[in-house]
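Contents: one structure, followed by commentary.
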Amino acid sequence: MKRRAFLSGRLISLRPVERNDAPLIARWINDPLVTFTMFTGQRPVNREQVENLIMSQVVAFENVIFIMTDKKSGQPIGLTGLYDIHPTARKAEFRVMIGEEMFWGKGRGTEAAHLMLFYGFDRLNLHRIWLGVTAENVAGVRAYEKAGFKREGVLKEDLYRNSRYYDSIRMAVLRQEYYAKLPLKRRRNEKAL
C-alpha cells in the first residue's frame, strides 16, 4: 500500500514517521558518512533504540518529524522536521538528514528546507525557524541559504567529532523575511485570507 504524502514538492514528499521506519533510520544514524559532521551518530544505535527515540519525539507536541521520500521512486531518503516548537516564542529548530548518499547534492535538502519553512510559517504560525550547521558542511550551508536562511553567528569549537572540534553556524529565517520573498501573486492571496 502506497503511503499518502503530507507535503510534497517537485523532488520529494514528506510523510509521517512510522515504527517500521526504525531499521532504516538506525542504518542512517550508524553510517559515518551520513553523520560525519553531525552531532547525531556519536553513539551506535539499534532498531529498538531508534524506535523508542523517534516515537517519543513523534508523540511529543513540540516536534513534527517526517520521512523524506524521493518523489519519482517513492524511496525513503532521509528525515526532516521541526523540533522544540515553542508556542509562546513561536519558534522551532529545523533539522534534516539525507541518509541515502545517491541523493546528496541534488536539491533535496534545499527542497526539504523550503517545505518545512512553508509548513512552519503557514500551518504552525511560527515567527522564527532556526538551525545549526557545522561550518565545514559547505553544501549544507549553501542549501540553507538557497532556502532563505541567513547566518546569525558562529559558535566556536561547538561540536566534537572525528577527533577534533568544529565551529557551528547558527542560521534563521523570520516569518516576515519568508513572506517578503514569496512571489507577488502569492503575497496578495495571503493578505486576502
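Tabulated data
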item	result
Breaking point among (1) closer than 25 Å to residue 126 by Cβ; (2) of a type in the set (S, T, N, Q); (3) part of a loop (DSSP other than H, G, I, E, B); (4) over 17 Å from the mean Cα position of the chain (by Cα), for residue 40	(4)
Filter pass, residue 110 being of a type in the set (Ser, Thr, Tyr), part of a helix (DSSP H, G or I) and surrounded by 14 or more Cβ atoms within 10 Å (Cβ to Cβ)	yes
Among residues of the stretch 123-147, those that are in contact with a Phe, Trp or Tyr (Cβ under 9 Å, 6 or more places away or on another chain) and surrounded by fewer than 20 Cβ atoms within 10 Å (Cβ to Cβ), counted	9
Residue selected from the stretch 61-99 under the condition in a loop (DSSP other than H, G, I, E, B), of a type outside the set (Asp, Glu) and touching a strand residue (DSSP E or B) at 6+ places or on another chain (Cβ under 9 Å), by the criterion surrounded by the most Cβ atoms within 10 Å (Cβ to Cβ)	99
Of the criteria (1) assigned to a loop (DSSP other than H, G, I, E, B); (2) more than 18 Å from the chain's Cα centre (by Cα), which one residue 20 fails	(1)
Pair list, Cβ under 8 Å, 6 or more apart: the stretch 129-141 residue more than 18 Å from residue 40 (Cα to Cα) and at pLDDT 95 or above, other residue of a type outside the set (D, E, K, R) and in a helix (DSSP H, G or I)	129/116; 129/117; 129/120; 129/121
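The values are calculated or read from the model by the stated rules, or taken from the named source; none is laboratory data. This one's a predicted model, so the numbers in the text were calculated from it and none came from an experiment. So basically every Cβ, Gly included, is an ideal-geometry build from the backbone, and we count neighbours across all protein chains shown.
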